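Worksheet: the structure to be examined is printed underneath.
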Amino acid sequence: MAVDPADSDPRHEAALALHRFGFGPKPGDIVRIASDPRGALLAELKSGPKTIEDPALASSAEDARATVAFQQEKKREREARRMQASSGGGDMAAPDAMAGGETNEMSVRKPGPPLPQQIYLAEARARYQAALDADIGLVERLTWFWSNHFCVSADKGLVRSLCGAYEREAIRPHVLGRFADMLIAAETHPAMLIYLDNARSFGPESLAGQRQHKGLNENLAREIMELHTLGVRTGYTQADVTNFAKVITGWSVYPPRRFPERGGEFWFNGRMHEPGGQTVLGKSYAEGGFAQGRAVLEMLAHHPATATHVASKLVRHFVADEPPADLVERLAKRFRDTGGDLMQVTQALVTAPGAWSAPRTKLKKPGEWTIAAMRASGLEIRDVRRIVNTQNLLGEPLWRPPAPKGFSDDSASWVDGLAERLDIANQVGRLVGNNGNEPDAIVDAALGPLASTETRQTVRRAESRPQALALLLMSPEFQRR
């Protein structure tokens with residue numbers, strides 16, 4: 001039987017709030033919010049999503065243009081080297097270098113990461129820093145959740161340069177707004193249109209489709225219905241998918257080579273758009289260009305099946321692998337009653353008794369555990385590549401999901417990676433070193449009343465403070481929400 005936190009140590013609910021709904025406590029956080037943990041969560045929601053303002057970060061369109069220019073320059077360099085080698089110039093340069101004479105600086109300089117990777121790492125740093133700096137971390141957790149719900153992959157061509165900006169532009173501003181607005185922002189973003197191939201989807205009867213003999217791509221339409229809105233087995237048919245795919249033909253991206261001023265921006269290309277009306281889920285949509293597709297997205301956003309699908313995913317993410325039916329219905333009803341107001345849906349989650357009384361059996365995903373470990377230990381970002389490599393090792397590479405459904409939110413998917421977490425915990429312990437904190441103080445700051453007697457004894461028996469920290473990070477109470 002679950003123990004009501006209100007009947008025990010008042011710090012219990014505070015620690016639970018930080019681990020279940022946030023990114024884990026920093027030293028002093030449990031005591032700081034102990035008087036009103038739920039109020040602290042609601043206050044963070046009221047403050048809204050943090051805008052990442054970093055001069056090192058550009059818009060997705062600017063990143064796309066810069067990346068294409070970089071690729072063109074690299075292509076010219078390869079062609080120049082090929083021509084030099086074919087004319088014999090390559091053979092003349094080698095003896096001078098071997099003899100110790102003057103060499104071209106470019107021939108000996110170690111190359112840095114290519115531009116797409118530089119953009120990716122800069123965006124990664126901004127994302128991780130926002131999570132580390134967060135008060136509790138609920139809004140940042142929502143950003144990560146919705147980014148995974150509407151996932152794109154950095155492994156798909158130009159998307160590597162766009163995935164961070166996609167999260168900043170299409171996801172972050174809308175996590176506490178209307179679901180329909182986030183849906184439209186995500187599906188019209190160049191990163192999504194490239195990732196799911198809609199940028200090259202031609203209406204069969206469109207001017208461009210008939211002239212170029214190219215056809216329809218249903219990837220985006222199918223994933224919008226199956227993953228982003230209605231969910232699987234909710235009544236739509238293959239005909240609905242095909243008709244919806246026709247509706248969103250022409251949703252494309254300005255090619256940077258042809259449009260140097262607008263390259264990388266969303267482009268409704270009427271020449272690619274399937275003319276005429278379409279029927280989706282029994283409702284007819286007259287020809288209307290871009291507005292036709294927008295109307296279908298609005299319908300899907302407000303569909304009752306979407307409310308249930310979104311509510312189930314939110315509860316599974318924050319509370320339990322098997323979402324309690326009453327909690328799912330509470331969130332789904334709020335979604336339906338408010339037209340998909342995500343602020344009110346999230347408020348319904350954090351004020352529901354069932355969201356607090358559920359047992360702490362859910363394993364944190366690798367990214368959440370890594371940030372929690374850094375917050376608990378005070379570890380700062382020195383080289384973001386270490387965090388990126390950690391996520392690769394733990395099986396949750398940043399913005400690189402294995403499929404359009406995103407990374408799993410089920411604990412079973414992450415159990416096999418616990419051995420690798422031990423290696424990371426030991427590294428964190430060594431990096432932080434002997435910072436002067438006693439084992440009991442480390443446990444109190446990170447877990448408070450959540451810590452079991454066994455965990456406290458294990459940490460006390462550590463041979464050193466670095467080992468004590470590593471044992472804490474690997475404790476069941478720290479691993480779970």
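Worth pointing out:
- Of all residues in region 228-280 being β-branched (Val, Ile, Thr) and open to solvent by 10 Å² or more (accessible area, probe 1.4 Å), the one that is farthest from residue 215 (Cα to Cα): 234
- Screening 178, 141, 168 for residues that are touching a Gly at 6+ places or on another chain (Cβ under 8 Å) and open to solvent by 30 Å² or more (accessible area, probe 1.4 Å) leaves exactly one candidate, 178.
- Some residue of region 202-221 being assigned to a helix (DSSP H, G or I), within 24 Å of residue 310 (Cα to Cα) and open to solvent by 40 Å² or more (accessible area, probe 1.4 Å): yes
- Residue count, region 424-454 (criterion: assigned to a helix (DSSP H, G or I), surrounded by 15 or more Cβ atoms within 10 Å (Cβ to Cβ) and out of contact with any helix residue (DSSP H, G or I) (no Cβ under 6 Å at 6 or more places or on another chain)): 4
- Residue satisfying condition, being touching a Lys or Arg at 6+ places or on another chain (Cβ under 6 Å) and either over 22 Å from residue 189 (Cα atoms) or of a type in the set (A, V, I, L, M) (or both), within set 220, 227: 227
- Within the option set 239, 199, being more than 21 Å from residue 340 (Cβ to Cβ), part of a helix (DSSP H, G or I) and within 27 Å of the chain's Cα centre (by Cα) holds for one residue only, 199.
- All positions within region 410-422 that are loosely packed, with under 13 Cβ neighbours inside 10 Å and closer than 21 Å to residue 377 by Cα: 419
- Flag for residue 319 being closer than 23 Å to residue 406 by Cα and either in contact (Cβ under 8 Å) with a residue 60 or more places away in the chain or open to solvent by 20 Å² or more (accessible area, probe 1.4 Å) (or both): yes
- Set 197, 240: member being among the acidic types (Asp, Glu) and closer than 27 Å to residue 63 by Cβ: 197
- Residue in region 96-104 that is modelled with pLDDT of 95 or more, charged (D, E, K, R) and in contact with a Ser or Thr (Cβ under 8 Å, 6 or more places away or on another chain) present: no
- Residues that are of a type in the set (A, V, I, L, M) and closer than 23 Å to residue 226 by Cα number at least 2 in the following helices (runs of 4 or more DSSP H) confined to region 265-383: 290-301, 304-318, 325-338, 342-350.
- Residue in region 292-310 that is surrounded by 17 or more Cβ atoms within 10 Å (Cβ to Cβ) and over 26 Å from the mean Cα position of the chain (by Cα) present: yes
- Residue 386 open to solvent by less than 30 Å² (accessible area, probe 1.4 Å), part of a helix (DSSP H, G or I) and within 13 Å of residue 367 (Cα to Cα): no
- Condition check for residue 371: hydrophobic (A, V, I, L, M, F, W, C), more than 24 Å from residue 319 (Cα to Cα) and within 22 Å of the chain's Cα centre (by Cα): no
- Test: residue in region 290-311 that is in contact with a helix residue (DSSP H, G or I) (Cβ under 9 Å, 6 or more places away or on another chain) and within 30 Å of residue 450 (Cα to Cα): yes
- Qualifying helices (runs of 4 or more DSSP H) (wholly inside region 4-49; at least 2 residues being modelled with pLDDT of 95 or more and within 13 Å of residue 355 (Cβ to Cβ)): 10-16, 37-47
- Taking first residues from region 421-449 that are closer than 19 Å to residue 31 by Cβ and partners that are modelled with pLDDT under 90 and not in a helix (DSSP H, G or I), the Cβ contacts under 7 Å between residues at least 6 apart in sequence or on separate chains come to 449/8; 449/9.
- Residue count for region 327-348 under the criterion of being buried (at least 23 other Cβ atoms within 10 Å of the Cβ) and either aliphatic (A, V, I, L, M) or under 19 Å from residue 411 (Cα atoms) (or both): the result is 5.
The values are calculated or read from the model by the stated rules, or taken from the named source; none is laboratory data. Worth saying up front: this structure is predicted, and the values here are computed from it rather than measured. Ideal geometry is used to build each Cβ from the backbone, glycine not excepted, and the neighbour counts take in all protein chains shown. In case anyone asks, the SASA skips ligands and DNA or RNA and just uses the protein heavy atoms, side chains included. Shrake-Rupley method; radii C 1.70, N 1.55, O 1.52, S 1.80 Å.
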